[in-house]
Amino acid sequence: MLETTVVVIGGGATGIGTLRDLCMRGIPAILLEQGGLAHGTSSRFHGLLHSGGRYAVGDNESARECIEENMIVRRIGRQCIEETEGFFALTPEDDPSYVDRWVEACGRAGIDAPEVDVKEALRLEPNMSPEISRVFRVPDSCVDGFRLVLHNAMSARRHGGKMLTYHEVTGICQKNGKVCGVTAINKNTGETVEIACSMVVNAAGSWSGRIAALAGLDVAVSPDRGTLVVFNHRFTSRVVNRLHPGSDGDIFVPHGSITILGTTSMPTDRPDDTTPTSEEVLRLLKIGEPLFPRVREYRILRAFAGTRPLYTPGNAAGRKASRNFHVVDHAEQGLDGMVSIFGGKLTTYRLMGERATDRVCAKLGINVPCRTAEEPIIPDPDEATLARAAKYFPVQGIKLMADRMGDDIGPVLEQAEKAETNPLLCECEMVSMAEIECVAKDPSTHSLTDIRLRTRLGMGTCQGTFCSLRTVAALAEHGISLELSPTDNARRFLQERWGGLRPALWGMQAREMELGRAVYAGTLNLDGAAHEQDC
Amino acid sequence: MSRIVDVLVVGSGLAGLVAALTAAEQGRSVRLLTTGMGSLAISGGSVDFLGYADSRLASDPWQSLALLPEDHPYRLMGTESVRTAFKFFSDTMEKQHWPMRPALAQDGTPRNTQLPTIMGTLKPTYLLPASLNTQAMASAKKVLVLSVHGLRDCQPALVVSQLKRYKSWADREFTQGLLPSPFGETHRAITALDLARLTDKPQSRQWLLDALAPYAGKYDLILMPPLCGSKANPEVWQAVNAAAGCPVVEMLSIPPGVGGLRLRDALLNALHKHDFELVENTTVLRAETADKNCTSVLAEASGQQRRHAARAFVTATGGILGGGMVLEPGQCWDSVFKIDITVPQDVTLWSEPQIFGNHLFSRMGVRVDREMRPVDAAAAVRWQNVFFAGRSLGGYDYATEKSGHGVAIATGWQAGRMAAAAAAAGEKQ
């Protein structure tokens, strides 16, 4: 049996952020995650680091938290953030009388939101609708949620933290009204794992209600489903929001070479309800059109959905439910040693971790201050390391690679130095062999999909058509085997991509999808091989 | 306006080229308009006739035709017409010294061949260039799998590990090898087409022959990516096989489609012997019709619009991939005649959750009669002198059936023949 002081449940931003905080304060901790890191909502949102402008009118306290955390996260997580700033724009369909209330609320929350001349705004964002009548500038930013989780995990590991991925929690053990351990099942091997501990932090996001129920507690957490659309273009340099009360589909967020539009909001009873529909895609396009009139002409790359963990005591639901978070000590309900984090959003993940860790410290009688707001998550590579990298990576790709790899830049460089060449296997996202090889050898990597989440392999224009073949070929050539055979692995990878292509099966994307079918079914007979190999 | 040709073909994929050649061989003047290279630029170069029917592997594809749905283009044409079309194609390729033949079963009946791919999978395919020795492939014990340094798409280790998963290949003795790149140290990504183009020319072909020399005579069979030239040139094959000292079989490979370019080369060579004009880099915007006939199409090249008049028209613009069929939310139409293809409003119904499932979109296309003339919902012919061929037709899924080039040849031949007849009738009037 494993033993530790604290078990953290949930490997999303909040859980990993909590683990990092616990470890930095010297508290032994193990984290359990049912899938891979960022399996849930942390990899299924629009990637907006909120300025808080979005919540200023409806939830001023959330707005204040957002702007404070926004400033902290850009400082500590530089590699995960693109400092784009954001616009709030009033379209002819929005109520002009809302503007004054919004401006006043931003001021109250401490959000700097100066008005920009419409002409100037259109010069900066020429694809934006000329019908827009007022524009305000806010410190919105873009964040790579998956990378943020991964870098926090690297930092936690540096401070002694342990993580068990693909481990689903099956029970919270208690004795005399006090937590004494956690049981989980290893989803890859089927083995049961028991961990003795004195405290549990429930940071399972949309699943946090279910974890609480495992401990016999009744909590109101309602997963709320949101669908997002990814475009194959970066048609805006900034985050662009519609200036109106929070609603569906009205934020455009640029990332690298793409743009994400989201989201819808619909209650669901399943935290893993993540299949988007065509109807939702079309609705998003309709709502996005007043901001970007040509939105229907832009090529859609895929659609995806995630669930938000809304904390809904008293039955507030959907948009009305607070985006605020709550750290709950279940001692009040008769279970000592269990702390849950309910609600919240990615922007405030660090603060949620800090508050939860404060509570754990108070319980354990530990008096160490939080340092997560001061220390960078990943140290910047030095000049010498970057100079080494310049020999093996295309010049435009060095920063990308360094920001992606974080602590792993050393091993990646060693890999590149050892190899004869370091070809790009994914040209859309500029992912090279050395990165893929290094990630593939990591014990937490089981599949091409895991490699994708760490490197962005297959997330670009071709959606895996060229790079999945190249990657399984290169891994075979280098003698690195994953759990599935190369053909089965490629098939599963393409299947995962297919899920996001289906709801927007038209226009240029349909042609690209047919190219994928022409290659993998028409030429390589990957579909037939599924039944004919091993027989 | 330029002269009126007999037959105007839109699209230079396999269907368009076969249609053009069929009409040209009947003595008709033919003009072919094409935007790009057509689907042959991404093709592996073997002719898939019918690999799977009713989800079952077809070893004798002619037998399996009966398992196809009634609206399948092969069923629509009838087996005898399909046979005649295939014979026309085979004869053409023989004349071009690039024979395309099926493997034969013990009793002499033609059958599908399971051809290895660069992924180490096997694909059932029908007509192969005669340069690929199917006998050697079936009987070889000692197999050498080769690729070239820097060719990212083909790695021998993948091919060997996956081929071994098939019963028919499991017991063979495999060796892997990498040929040195003729480009030396380069950061540029190289493709099989780069290498095949070197092999085209006698003066630069030597790199491949020299690279093969160390392996000569040690194996029963060499599997390679498609490196033996981008043209339909049998000389290259003779030289490569001689250098290897054993039969060389090229594995099916992904785009750029070296094998497909050889077919294109052979067909264009055949076409240039006739009254034939190829107009490249031109996009057909729309057709102009009067009553039950099409009079001309309007095309754009380098920003200039030009009207092309003809007595008969063949539309072989490809399907979704080629841009011949346009999908928009809740709608589908062909890009030239704007024929509205009835589809469910809800896009979700167009596809299945499994990527290689039985998708509705894969069978969307223009409905035609036996003569390849588009028909309306009441089965009435829309225009007397318009014929469709290839993937713009509905009723079949080339990708999962492995029937792409086969349907292109069959329907291309039929459309070309019918267009020639319509043009002849039009001339008399």
Discussion item. Let me check against my output: what whole-number percent is the relative contact order of the range B:348-417, with C-alpha pairs under 8 Å and at least 6 apart?
Written reply: 27 percent
Item to complete: Using a 10 Å cut-off on Cβ to Cβ distances, tally the other chain neighbours for every residue of B:324-330 and report the average as a whole number.
Response: 5
Response to the item:
For the range B:354-407, the dipole about the Cα centre with charges only on Cβ (Lys and Arg +1, Asp and Glu -1), to the nearest 20 debye, works out at 40 debye
Discussion item. Over the Cα atoms, compute the radius of gyration (one decimal) and Dmax (the largest Cα-Cα distance, rounded to a whole number) for chain A, in Å.
Written reply: 23.1, 71
Worksheet item: Along the charge dipole of the range A:27-184, Cβ charges K/R +1 and D/E -1, which of A:GLY145, A:CYS173, A:GLY107 sits furthest on the positive end?
Response: A:CYS173
Worksheet item: Using a cut-off of 12 Å between alpha-carbon atoms, which aspartates and glutamates can reach A:LYS418, once sequence neighbours fewer than 8 places away in the same chain are excluded?
Response: A:GLU437
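Between A:LEU364 and A:ALA331, what FRET efficiency comes out of the Förster formula 1/(1 + (r/R0)^6) with R0 = 22 Å and r the beta carbon distance, rounded to 0.05? Write out the running numbers ahead of the final one.
Working: r = 13 Å, r/R0 = 0.60.
About 0.95, to the nearest 0.05.
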Worksheet item: How large is the dipole of the range A:128-167 about the Cα centre if only Lys and Arg carry +1 and Asp and Glu carry -1, each at its Cβ, rounded to the nearest 20 debye?
Response: 300 debye
Worksheet item: Which lysines does B:LYS141 reach when only Cα atoms under 24 Å apart count, and residues fewer than 8 places away in its own chain are ignored?
Response: B:LYS123, B:LYS164, B:LYS167, B:LYS218
Fill in: For A:SER208, A:SER129, order by how many other beta-carbon atoms lie within 10 Å, fewest first
A:SER129, A:SER208
Response to the item:
the range A:480-496 and the range B:208-235 have their Cα centres apart by a whole-number Å value of 31 Å
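Using a/c under 1.5 as the rounded threshold, could you call the range A:432-535 rounded, prolate or oblate? The axes a ≥ b ≥ c are square roots of the C-alpha gyration tensor eigenvalues, and prolate needs a/b larger than b/c, oblate otherwise. Walk me through the numbers before you get to the answer.
Numbers: a/c = 2.04, a/b = 1.31, b/c = 1.56.
Here the range A:432-535 falls in the oblate category.
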Worksheet item: Over the Cα atoms of chain B, what is the Rg over Rh ratio if Rh follows Kirkwood?
Response: 0.99
Discussion item. Beyond a 32 Å Cα-Cα separation, which of these cross-linked pairs lie in this structure: B:LYS338/B:LYS428; B:LYS142/B:LYS273; A:LYS119/A:LYS286; A:LYS286/B:LYS338; A:LYS363/A:LYS399?
Written reply: B:LYS142/B:LYS273; A:LYS363/A:LYS399
Worksheet entry | Computed [θ] at 222 nm, deg cm²/dmol, the protein assembly as shown (DSSP H ≥ 4; -39,500 (n - 2.57); rounded to nearest 500) | -9500 deg cm²/dmol
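Rounded, prolate or oblate: which fits the protein assembly as shown, taking a ≥ b ≥ c as square roots of the Cα gyration tensor eigenvalues, rounded meaning a/c under 1.5, else prolate when a/b beats b/c?
Numbers: a/c = 2.23, a/b = 1.59, b/c = 1.41.
Prolate, since a/c reaches 1.5 and a/b exceeds b/c.
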Fill in: Per-residue mean of C-beta atoms belonging to partner chains within 10 Å, peptide B:160-172
3
Worksheet item: Can you list the aspartates and glutamates whose alpha carbon sits under 14 Å from that of B:LYS95, skipping same-chain ones fewer than 8 residues off?
Response: B:GLU25, B:ASP265
Worksheet item: In the range A:377-444, which trypsin sites (Lys or Arg not before Pro) fall in coil by DSSP and have 13 or fewer other Cβ atoms within 10 Å?
Response: A:LYS391
Worksheet item: Any idea how far the Cα center of the range A:148-192 sits from the one of the range A:332-379, in Å?
Response: 16 Å
Discussion item. With the crude spin-label approximation of a point 7 Å out along Cα→Cβ, what separation in nm comes out for A:GLU194 versus A:GLU120?
Written reply: 6.7 nm
Response to the item:
Between the alpha carbon centres of the range B:308-345 and the range A:7-34 the gap in Å comes to 56 Å
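Suppose every Lys and Arg Cβ carries +1 and every Asp and Glu Cβ carries -1, with no other charges. What dipole size does the range A:391-478 come out with about its Cα centre, to the nearest 20 debye? Show your work: numbers first, answer last.
On the way: 9 positive and 13 negative charges, 41 e Å.
Here the size comes out at about 200 debye.
May I ask what percent, to the nearest 5, of DSSP beta bridges between residues of the range B:294-429 are antiparallel? Don't skip to the end; give the middle numbers.
Details: 13 of 17 bridges.
In the range B:294-429, DSSP labels about 75 percent of beta bridges as antiparallel.
Any read-out appearing in this document is the output of simple, stated calculations on the displayed coordinates, not a laboratory observation. Everything quoted here is computed from the prediction, not taken from an experiment. Methodologically, a virtual Cβ is constructed for each residue, glycine included, from the backbone with ideal geometry; neighbour enumeration extends over all protein chains shown.
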